[in-house]
Amino acid sequence: MSPRFIGRQRELGALQAFYASEGTPLATVRGRRRVGKSTLLLHSLEPGQSAYHQAAQLTPENNYARFHDDMTGALTPLVQPGSASDIRHAQNWRSLILALGQAATELGRLTVVIDEFPHLSRGDSTLESVLQEALGRIERLDQPLKLVLCGSSLRPMEALLERSAPLHGRSALNLVLRPFDYLESAQFTPAWTPEQLVQARTVFGGMPQYLGQLQDQLSVGENYERLVLDPDGPLHEEAHWLLSDELNEPRIYASILRAMARGHSKAGEIISAAGIHASSLQKYLGRLEELGLVRHIRSAHATPKTRHQRYSLADPFIASWFRYALPHLSALKIRGGKGAWDQLVAPGINTDKNAAPGTFEDICRHWTALHLDDFWEGEHGEVGQLLQGKGEHDAEIDVACRLGRGQQVSWLLGECQWTAPPQGGRALQQLQENAKKLLGEASVRQWLVFSRAGFQKEFRAVPMEHTRLIDLAELYRTSW
């Protein structure tokens, strides 16, 4: 029984529309390792009208030979003898791609996927130019061949699209795959409660290849011990391999991530804790942002000249590894992972503001973005947060979105409570007080209060204009 295909409906639809389209024969798919590129592409392909090749790091001659073998095995049983002979006897990339174009005409259409394409292009500087010429000819002949180039090495895949690259402007579709959101992630473990799902997202994040290894008949902690904290676990060294594969100075980047996992969020703090030169921080942070490991946070009411800004870890799996595994690698190597969740993770996961409480805030902001049309139909900004400035102690607002523009601006504001008991009127009152501190007399159109523990009956019973109460169950209420 094949695994259930989860999520990626937008991307799947885009690929299938590309396969059925006329004209431009090239598409690219890129994203970090473990994000599910191969799974998506294999699921999208039509039997009898497609061929798939997984590239490897070999010499150019061996790379071509493997691709030739895969095309021969997949396509010669499907096409006429003449086309089959052209495929078998193709001596180089150009002649083989042209033979695939003729095969596409016979089959009605043909999609060819080359997975991990950078393995091929690194060793053959002429390959992209050869593909440019061959695909141009196929397009002129109106042959229904579609070629999809896929890769995990983000920089080489991005370079394919640069103005100076041979294939610049040739691609009709350029998909970038990102980790699953919290609702898609929850589909991997349907037996878990919403509270368990928040904890799971805190330590595993949204990478499909990580989530696919979870067993929901076990607890979140048992899975984390088995997969991450155990020195022999399949994800124990994942953070190391990710940094080594993508970055030239992994030790510098690891030091920055370690500093941020320890709660340092301002530039000066990160520089000091990581032990790096101030002049180089932005370069390193920029690369980490490109990889989706770090995000730059500005307050939703900041102006272009506002200097008050922060940085946070954007990938929960990486954050949890640096928070819970890295500091204890020696002890884990000696004692193993069994029991390590209760000792290393459980004491702080629900109280550390950067752990489950921070995950809960991210989920609440995502829910707000998904449901914004329920509250406002006009122009609006991004859903973010309001950060306190100097002298504004404890006045941050967890969920904030600017509604309208110019003189007609109003706000949607929200408070997120993860550690507190069932909420009463005090939570809404605190939110309104913070709004006055940060926004003065600005108009607030909608108040939201999110609570892990729910709400007091008396609070729910009071009619409140422009106020919505959302508990944990509602955040995960959806139809799959």
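The table below lists the values:
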{"quantity": "Enumeration of residues in the range 456-472 that are over 23 Å from residue 376 (Cα atoms), of a type outside the set (Lys, Arg) and part of a helix (DSSP H, G or I)", "calculated": "458, 459, 461"}
{"quantity": "Criterion (in contact with a Ser or Thr (Cβ under 8 Å, 6 or more places away or on another chain) and within 29 Å of residue 216 (Cα to Cα)) met by exactly one of 160, 177, 149, 183", "calculated": "183"}
{"quantity": "Hits in the range 278-336 (condition: among the aromatic types (Phe, Trp, Tyr) and touching a residue at least 40 places away in the same chain (Cβ under 8 Å))", "calculated": "311, 317, 321, 322, 324"}
{"quantity": "Search result, residues across the range 268-285 that are touching a helix residue (DSSP H, G or I) at 6+ places or on another chain (Cβ under 6 Å) and buried (at least 16 other Cβ atoms within 10 Å of the Cβ)", "calculated": "270, 271, 273, 274, 281, 284"}
{"quantity": "Filter pass, residue 424 being among the small types (Gly, Ala, Ser), touching a residue at least 24 places away in the same chain (Cβ under 8 Å), within 25 Å of residue 182 (Cα to Cα) and surrounded by fewer than 20 Cβ atoms within 10 Å (Cβ to Cβ)", "calculated": "no"}
{"quantity": "Yes/no for residue 374 being surrounded by fewer than 21 Cβ atoms within 10 Å (Cβ to Cβ) and either at pLDDT below 95 or not assigned by TED's automatic domain parsing to the domain that holds residue 226 (or both)", "calculated": "yes"}
{"quantity": "Residue within the range 278-292 that is under 30 Å from residue 232 (Cβ atoms), out of contact with any Lys or Arg (no Cβ under 7 Å at 6 or more places or on another chain) and not basic (Lys, Arg) present", "calculated": "yes"}
{"quantity": "Residue check, residue 432 polar (S, T, N, Q) and farther than 19 Å from residue 358 by Cα", "calculated": "yes"}
{"quantity": "Qualifying residue in the range 424-442 (condition: in contact with a Leu (Cβ under 9 Å, 6 or more places away or on another chain), of a type outside the set (D, E, K, R) and closer than 30 Å to residue 190 by Cβ)", "calculated": "no"}
{"quantity": "One residue from 64, 19 being assigned by TED's automatic domain parsing to the domain that holds residue 115, under 27 Å from the mean Cα position of the chain (by Cα) and part of a helix (DSSP H, G or I)", "calculated": "19"}
{"quantity": "Check on residue 35, touching a Cys at 6+ places or on another chain (Cβ under 7 Å), of a type in the set (Val, Ile, Thr) and in contact (Cβ under 8 Å) with a residue 40 or more places away in the chain", "calculated": "no"}
{"quantity": "Those residues of the range 145-157 which are surrounded by fewer than 23 Cβ atoms within 10 Å (Cβ to Cβ) and touching a strand residue (DSSP E or B) at 6+ places or on another chain (Cβ under 7 Å), in sequence order", "calculated": "154, 157"}
{"quantity": "Flag if residue 181 is surrounded by fewer than 20 Cβ atoms within 10 Å (Cβ to Cβ) and under 28 Å from residue 86 (Cβ atoms)", "calculated": "no"}
{"quantity": "Options 372, 413, 428: the member that is in contact with a Ser or Thr (Cβ under 7 Å, 6 or more places away or on another chain), within 28 Å of residue 201 (Cβ to Cβ) and hydrophobic (A, V, I, L, M, F, W, C)", "calculated": "428"}
{"quantity": "Residue that is nearest to residue 357 (Cα to Cα), among those in the range 435-480 that are of a type in the set (Phe, Trp, Tyr) and out of contact with any strand residue (DSSP E or B) (no Cβ under 8 Å at 6 or more places or on another chain)", "calculated": "476"}
{"quantity": "Residues located in the range 55-66, provided they are free of Cβ contacts under 8 Å to residues at least 60 places away in the same chain and buried (at least 21 other Cβ atoms within 10 Å of the Cβ)", "calculated": "none"}
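The values are calculated or read from the model by the stated rules, or taken from the named source; none is laboratory data. Worth saying up front: this structure is predicted, and the values here are computed from it rather than measured. All Cβ positions, even for glycine, are placed from backbone atoms using ideal geometry, and neighbour counts span all protein chains on display.
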